[in-house]
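A.B. asks: Here's a structure for you.
Only the coordinates and a few stated rules stand behind these numbers; no lab work does. Just so it is clear, the structure is predicted and the values come from calculations on it, not from any experiment. Every residue, glycine as well, gets a Cβ built from its backbone with ideal geometry; the counts of neighbours run over all protein chains shown.
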Ligand code: SRM
Ligand code: SRM
Ligand code: SRM
Ligand code: SRM
Ligand code: SF4
Ligand code: SF4
Ligand code: SF4
Ligand code: SF4
Ligand code: SF4
Ligand code: SF4
Ligand code: SF4
Ligand code: SF4
């Protein structure tokens, strides 16, 4: 290995200005309006009259350097070497010259890129590591995303919905995605308590912090084994103990699965940001294409599309019709698991006699 | 004392049927509609065409037998000996014969009874014992009610509001009135921790149940005195320890006072039942007429009357305009005490950037 | 009888439009020493801004554990008339209807043995006879009960149930509130008179969602009448209302579910989206009426804020027919009390217990089936329990 | 290079319209053993429905406590290429803008030392370089940092701040999100690289209430641009929109505060009742624009559900001007961290701490004044604390 260059510390990231296209630098803070031209492209017009076209393509987020080089080639050809990523991991090609827009879009299509994600449809799915990289995963993330986006690709490329439908996937309840405030989200869940490896625990884990990691105080010291024990009926399978102590593995191939939550949002438009709420507590892990999960999400989207008013997000629609109607319309079974028994349970109970039959 | 009659047990109350006017017995469950004729009287019409007129008068609830006899005299004269009390402690004279209605109302007025309480105005104030009968009282109830109802008598007898305004008074946070779901309510509050009488406590109180009575775990055993001690900064002056243990008196003439809560309701019309929320944390006890309290309630009612839509209850109005506007419009000071730090605090925090300036 | 004490502060409260409780005490003071000394004691409280009642001791009548609230003044020497000042809770008849004969009878007993002061009624619903001494209690009870009256509840017991007047005078009542309330009261006499629960338990029965008895806020079990099927509409009466009311603004726009339309003078309701809030019916009572299949929603848990905060009752049975002999209903109450008895701590209300143990656990314990009507929204955090039968081994 | 393992399950995921991560791994597998063995390991996970990663050990670069996530396979013998498979978090430039030159440079380094696989970007915002071994870490860091790149955060430290693109391309940005984000990142380099907090702390900056960076759900401190003053209205553009849009239905009826009217072709807004939700502006961007006085609302506390349930950030500063040198802002952050440091338990996020200690206590601790904008509604239960100065002695 050749001599390494001189390292530096605490320099932080490069200043963003270095990376901005000239038209953006010039019109920074002076944009006037935008027009969505298709699900795949839009144009922003500045007060000066300058314009910038954005062409957006899907990304699996897990990208090889090979593909990134190819994107760079495209950006060099049409965008003066400028591109960006979005907060939902799509790729945006930034065009300053109108005449490059169509050739760029043609070229991207020819190369197999999927144009879309702009406006009221389904954009990329925010997701996490899953079996590709995380020890904590109760399911894979990338595979779920792929299976779903294949099914819903039209909503990415061309078909509109009443409003944006933001989907997220988290492979465990640590929820590294924006799951808890998404229109629809999948989260990998366990259904069985951790198993204690008393032998390794002694050395691998700090017992007090293991005990205090448990939100339900299910864990207590086990003097006999110099380890810990779990009050099984108190365990809600959150896996927080495993995050703190590797000797308490919780993954269980047969009983791990996927919960679906719906109705969250982060934008403040119309209604306040909302938490996602449980729609289906458990669907089995069925890789590589998780057909039951995809079907359930499709049911939600179809029902939403049929029932929502224009501009109404999933959560706004559900709150307008009521959760009892949501269950009736989707046909999802209502189970004991849907009823909150956690921190703010009481606030979710129906303290009125007004509900719909 | 003469010989006592033979006691009976577990017989329960007399059957209500014995007390119903004949027209009610006949048309029981067969009423068709009602018409409010004035704040003081209304008529119900049965499917049979029969009618019953109701004339309502105010009651201080604390009634002497003398006054009750007088009411009986009136009911004998115009109502065939039938009357009832309402769930808000008003008295209703039930008239089967239309020609008795006006004479009855005239007679009642002449005798000094106050007719009213029907429809969209201020009906009687639900309240509790106060200094008249309770050891727990941080304020009086009857006096507060009298002071307020004198001020708002017109809303009882003749002037309408956008909707019913239900007022309640509780003399301590045990809240024996319907305070926690009232349009406007007053509650007697303490501001200083209980004082421990270690001498009497030993004998009068069971130490474990005294300790466990404290919602904030402020109380702990004091082995030195064989009594208990209080972590002062944890005490929220709820007085629950005093309910359990008389040796921990909490009443404090200088610092006891009145909190005002607003916006609650119990009906399910339009919006769900609502809890009342804190408007003013503390106003000094100023008997016999509590002018500051009356003025504050008047401010709320005036502001509500000016701003609410027809049929809108106080809580519906406040929620429509937002609490920030409520404070702006009433001019009430917003203080740290308004911010919840109890069980469900988190659910009250503003998790949106949308609010009004 | 002249005045025993100067009461300048209380005298202020005799002025003004609203009837005065001070005047009432003065009227009683013409008859009883209790009331005379109450005026003195109360004036002192007004002066000092301090209650002068001691923590109540336990007093009562033979064979009962409740129904009387013991009360002693802390200034017995100064105001001997109120040295004892106990309250007798007399169970009211359902709906608070009285004949003058019955009322006179009770008041007569009270004049004989008590202060001549009452609360008509207490917040729970009882006729509250305010102020007597320990010695008189047995006599009062004998006189009352021999004439068909009984005591209400107090302590850790079933409390006196109460209700709105329901079918007796209201066109909206979907259940017979007075019959049910009377039935509950009679059915559970033992539970009411001999406290054996972890804490108090209250029933309140409302004939419809208007809830004129505030049941949802003040009863451990709130029973609220409702219906299934379509709201009845009389279009001719709608037309009449349109002359005096802005139907679009006052009705259509205020319907919380947006399920109503008013076009071409015709009112229509999409009943499948109506949540039966009662707004439209209340405003247009001649034109609209509750649907045909009548019953009630049962809700559980409300109470005042001590200790973990105020609760409103929440739905545990979305719909139940409530007709005599109410077997299904009493069976359910039995199961709930059994579960409470088994798991409840001392001074823990049923609502607090359910919160502590979890609503799903409660449902299982009393064999009720989860239903979306029980919740406003499903849980948000994906932490939930499974039973052995849900697990594959 | 041919296939090292048969991957029938993963192959299924190469089909379909959406770009495939499997194809991406295969592309990298043409270059690196890491990616080749990742395919084998992942196929096994797909077969067994089980992760094959061990609990990460602590690895990193000299002088830093974070920026690298250690990861080891539990099948190192079977898939030696992923025996080590650490992640390097490279701090992205604000707004995720790149020149192709810069991107190629980073990718070149990664091809040299790593798996050739990336996440563009991680959920927090970093460029995530996915998979390398412990030995390569120092080299990667030297190559990156010598070219002007630095690592992002991990562990109990300030995490890599991120933002929406703000003023760079959006007409609604009320603050310069990219400038502020860069400023925060640079200002707190030490706090990011050397974990010394009770737990992680994240910043996210959104230019307006649309919140395209999901700050309110995913940042301990969420900074959201907003305005004071009247929304700008161009009536001629309103008229244009009226040709393609049902303004009454889509705008007026959907305004949450009901503060808009549209009569006689003229749009009016009662700005004193507008809550600045952005709905109308978003739908009619040519006609409407944020008001003149620009700044931000600061919210605190959001996080994922472990342990007491998910939180969204809540308002702690209703309005602040955010302009260089951001003194007031940095001072506030300092006070908050100090208070957290003093009171926070290990693994307790700031939001959880505030909840545990009480919001009023927090406000006092960091010297902020209570304001109705901080709450959706005041407390309901009348239990509250007073200070010594509120008491009369
Ligand atoms: C590029 C991006 C910001 C960035 O810095 O990367 C962005 C850009 C814009 N957003 Fe966004 N939003 C972006 C993520 C978000 C997010 C965050 C997220 O999804 O995690 C949200 C919040 C979603 C939520 O509430 O859960 C978001 C909610 C919106 C909305 C509000 C939708 C609503 O009705 O609630 C608008 C307004 C509109 O156009 O109606 C909007 C509008 C816009 C506009 C039109 C703003 C403008 O004037 O330029 C931009 C282009 C439109 C578009 O993409 O459809 N953007 N937008 C992000 C693109 C993500 C992607 O690849 O799909
Ligand atoms: C007599 C009484 C029942 C009883 O068994 O004693 C009663 C009787 C009626 N109520 Fe009530 N309500 C009675 C307490 C209540 C209560 C309970 C309370 O105040 O503690 C409520 C709930 C208040 C709340 O939500 O906080 C109540 C909320 C209503 C409403 C709904 C108001 C709303 O808009 O929310 C109506 C409907 C209407 O008329 O608009 C109503 C309507 C009625 C009607 C019109 C029902 C009918 O068709 O007969 C009755 C006469 C009208 C009136 O009094 O104005 N009644 N009503 C109670 C009279 C109390 C009093 O003396 O003032
Ligand atoms: C008399 C009455 C107030 C009134 O003026 O009407 C009353 C009076 C007392 N209540 Fe009550 N409560 C009365 C209805 C209520 C209600 C309202 C209701 O029942 O609809 C409530 C709120 C609803 C509830 O049950 O939560 C109520 C909630 C309490 C509490 C708080 C209980 C809790 O779990 O939060 C206490 C404290 C306790 O039980 O130790 C309490 C305790 C008391 C005591 C026994 C004081 C004590 O701690 O020993 C009071 C005796 C006062 C006295 O000297 O007569 N009282 N109490 C009401 C009963 C009259 C009746 O039988 O009709
Ligand atoms: C890489 C990344 C997911 C991704 O695929 O994008 C990630 C990956 C991990 N997260 Fe995360 N988190 C990542 C963003 C998040 C986010 C989203 C965000 O920052 O916007 C959240 C939710 C927001 C929040 O902070 O609450 C998040 C909430 C967690 C939690 C729960 C923390 C909590 O207080 O609730 C944990 C558990 C922990 O800290 O022990 C966790 C822990 C982890 C660990 C370190 C697993 C562990 O327990 O040791 C994961 C390492 C996976 C791996 O093998 O690479 N991660 N984590 C994200 C960071 C990439 C980046 O730097 O850009
Ligand atoms: S959500 Fe869980 S499994 Fe997925 S990356 Fe985060 S910590 Fe790992
Ligand atoms: S999985 Fe969660 S609930 Fe179960 S023992 Fe571990 S920390 Fe406790
Ligand atoms: S509210 Fe308090 S002071 Fe008043 S009667 Fe009830 S327990 Fe007594
Ligand atoms: S008043 Fe309440 S908070 Fe204070 S010590 Fe007594 S029980 Fe505890
Ligand atoms: S609750 Fe309903 S049934 Fe009972 S009186 Fe009120 S309106 Fe009538
Ligand atoms: S009862 Fe309520 S929800 Fe039903 S139609 Fe009438 S107003 Fe609408
Ligand atoms: S958050 Fe606001 S300023 Fe930022 S990109 Fe989205 S719309 Fe534009
Ligand atoms: S920003 Fe929102 S609240 Fe304000 S006028 Fe527009 S739609 Fe209405």
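A.B. asks: So what are the radius of gyration and Dmax for the Cα set of the stretch D:126-185, in Å?
C.D. replies: Cα-based Rg and Dmax for the stretch D:126-185 come out at 15.1, 47 Å.
A.B. asks: As a check on your grasp of the helix formula, calculate [θ] at 222 nm for the protein assembly as shown: sum -39500 (n - 2.57) over DSSP H runs of n ≥ 4, divide by the residue count, round to the nearest 500.
C.D. replies: On the way: 50 runs with 443 residues, N = 1500.
Mean residue ellipticity at 222 nm (helix-derived): -8500 deg cm²/dmol.
A.B. asks: Taking the beta-carbon count within 10 Å as an exposure proxy, list D:13, C:353 from fewest neighbours to most.
C.D. replies: Values: D:13 26, C:353 20.
In increasing order of surrounding Cβ atoms, one gets C:353, D:13.
A.B. asks: Also, I was wondering about something else. Calculate how large, on average over all directions, the projected area of the Cα convex hull of the stretch C:230-289 is; give the answer in nm² to one decimal.
C.D. replies: Details: hull surface 13.7 nm².
Convex hull of Cα atoms, orientation-averaged projection: 3.4 nm².
A.B. asks: Since chains B and A are linked by a rotation, which residue in B has the beta carbon closest to its axis, and how far is it in Å?
C.D. replies: Its Cβ sits closest to the axis: B:347, 3.
A.B. asks: Let me ask something else. Where does each of D:383, C:330, D:188, C:141 land when they are ranked from fewest to most other beta-carbon atoms within 10 angstrom? Present the calculation step by step, with values, prior to reporting the outcome.
C.D. replies: Details: D:383 25, C:330 14, D:188 22, C:141 28.
Taking fewest neighbouring Cβ atoms as first place, the list is C:330, D:188, D:383, C:141.
A.B. asks: Return a whole-number percent for the relative contact order of the stretch D:230-289, with Cα pairs under 8 Å and 6 or more residues apart as the contact set. Let's see the in-between values first.
C.D. replies: Working: 61 pairs, mean separation 27.9, N = 60.
Once normalised by length, the contact order is 46 percent.
A.B. asks: What shape does the stretch C:23-82 take by its C-alpha gyration tensor, where a ≥ b ≥ c are the square roots of the eigenvalues and a/c under 1.5 counts as rounded, a/b above b/c as prolate, and the rest as oblate?
C.D. replies: Details: a/c = 2.40, a/b = 1.49, b/c = 1.61.
In terms of gyration-tensor shape, oblate.
A.B. asks: What do you get when you divide the Cα radius of gyration of chain D by 2.2 N^0.38 Å, with N the number of residues?
C.D. replies: Working: Rg = 25.0 Å, N = 393, 2.2 N^0.38 = 21.3 Å.
With N residues counted in chain D, Rg over 2.2 N^0.38 Å equals 1.17.
A.B. asks: Now for a separate question. Restricting the count to DSSP beta bridges whose residues both fall in the protein assembly as shown, what percent are antiparallel, rounded to a multiple of 5? It would help to have the intermediate numbers written out before the result.
C.D. replies: Working: 149 of 175 bridges.
Restricted to the protein assembly as shown, the bridges split so that about 85 percent are antiparallel.
A.B. asks: When the Kirkwood radius is taken over all Cα pairs of the stretch A:235-357, what Stokes-Einstein diffusion coefficient follows at 37 °C and 0.692 mPa s, in µm²/s?
C.D. replies: 197
A.B. asks: Could you please tell me the mean projected area of the C-alpha convex hull for the stretch D:74-183, averaged over all directions and given in square nanometres to one decimal? Mind showing how you got there, number by number?
C.D. replies: Details: hull surface 32.9 nm².
Directional mean of the projected Cα hull area for the stretch D:74-183 stands at 8.2 nm².
A.B. asks: A further question on this structure: Between copies, how far apart are the residue B:197 label points? List them in nm, one decimal, shortest first, with each point 7 Å from Cα toward Cβ, please?
C.D. replies: Between copies, matching label points for residue B:197 lie 6.4 nm apart.
A.B. asks: On to the next question. Would you mind telling me which residue in D:328, D:33, D:237 has the biggest mean-square fluctuation in a Gaussian network model of chain D, where springs connect alpha carbons within a distance under 10 angstrom?
C.D. replies: Comparing D:328, D:33, D:237 in the GNM, the peak value goes to D:237.
A.B. asks: Could I ask something else about it? Mind listing P(r) for the stretch D:309-393? All alpha-carbon pairs, 10 Å bins, whole percents.
C.D. replies: Answer for the stretch D:309-393: a P(r) of 13, 42, 34, 9, 1 percent.
A.B. asks: For the stretch D:8-146, with equal point scatterers placed on the C-alpha atoms only and solvent neglected, what are the log10 I(q)/I(0) values from the Debye formula at q = 0.14, 0.17, 0.20 1/Å, to two decimals?
C.D. replies: These q points yield log10 I(q)/I(0) values of -0.67, -0.99, -1.30.
A.B. asks: Every other copy gets compared here: list the nm distances from the residue B:26 label point (7 Å along Cα to Cβ) to its counterparts, shortest first, one decimal.
C.D. replies: Going from nearest to farthest copy, the values are 9.3 nm.
A.B. asks: Starting from the Cα gyration tensor of the stretch B:135-174, take the square roots of the eigenvalues, sort them a ≥ b ≥ c, and report rounded, prolate or oblate (rounded when a/c is under 1.5, otherwise prolate if a/b is larger than b/c, else oblate). Write down the numbers at each step before the final one.
C.D. replies: Details: a/c = 5.40, a/b = 2.11, b/c = 2.56.
Oblate, since a/c reaches 1.5 and b/c is not below a/b.
A.B. asks: Which chain C residue comes nearest the axis with its C-beta when you rotate C onto D, and by how many angstrom?
C.D. replies: Closest to the axis: C:253, 5.
A.B. asks: Related question: Please find, in a Gaussian network model of chain C (springs between Cα atoms separated by less than 10 Å), the residue of C:348, C:183, C:105 whose mean-square fluctuation is greatest.
C.D. replies: Maximum fluctuation in the GNM of chain C, among the listed residues, is at C:105.
A.B. asks: Taking a ≥ b ≥ c as the square roots of the Cα gyration tensor eigenvalues, with a/c under 1.5 meaning rounded and otherwise prolate when a/b beats b/c, else oblate, which class fits chain A? Provide the component values of the computation, followed by the final result.
C.D. replies: Details: a/c = 2.25, a/b = 1.39, b/c = 1.62.
Oblate, since a/c reaches 1.5 and b/c is not below a/b.
A.B. asks: Among A:64, D:45, what is the fewest-to-most ranking by other Cβ atoms within 10 Å?
C.D. replies: Working: A:64 28, D:45 24.
Fewest-to-most Cβ neighbours within 10 Å comes out as D:45, A:64.
A.B. asks: Regarding the stretch A:198-244, what's the average projected area of the Cα-atom convex hull, expressed in nm²?
C.D. replies: On the way: hull surface 11.9 nm².
Result: 3.0 nm².
A.B. asks: Using a label position 7 Å from Cα in the Cα→Cβ direction, what is the ascending list of nm distances from residue B:9 to the same site in the other copies?
C.D. replies: Copy-to-copy label distances at residue B:9, shortest first: 8.3 nm.
A.B. asks: Where the centroid of each part is defined by its Cα atoms, how far is the stretch D:125-180 from the stretch C:287-327 in Å?
C.D. replies: Distance between centres, Cα-based: 56 Å.
A.B. asks: So, one more: With springs only between Cα atoms under 10 Å, which of C:233, C:306, C:25 fluctuates most in a Gaussian network model of chain C?
C.D. replies: Of C:233, C:306, C:25, the Gaussian network model singles out C:306 as fluctuating most.
A.B. asks: Something else about it: If one computes the Cα centroid of the stretch D:1-31 and of the stretch B:125-196, what distance in Å separates the two points?
C.D. replies: Each part's Cα centre sits 73 Å from the other's.
A.B. asks: A further question follows. Could you compute how fast the stretch A:16-110 diffuses translationally, taking Rh as the Kirkwood radius over C-alpha pairs and applying Stokes-Einstein at 25 °C with viscosity 0.890 mPa s? Give it in µm² per second.
C.D. replies: On the way: Rh = 13.7 Å.
This corresponds to a translational diffusion coefficient of 179 µm²/s.
A.B. asks: Would you kindly calculate the translational diffusion coefficient of the protein assembly as shown, applying Stokes-Einstein with the Kirkwood radius from alpha carbon pairs, for 10 °C and a viscosity of 1.306 mPa s, and quote it in µm² s⁻¹ without decimals? Walk me through the numbers before you get to the answer.
C.D. replies: Details: Rh = 34.8 Å.
The diffusion coefficient I find is 46 µm²/s.
A.B. asks: If you average the sequence gap of Cα pairs under 8 Å that are 6 or more apart and divide by the length of the stretch B:178-271, what percent do you get for the contact order?
C.D. replies: Working: 156 pairs, mean separation 44.6, N = 94.
Dividing the mean separation by the residue count of the stretch B:178-271 yields 47 percent.
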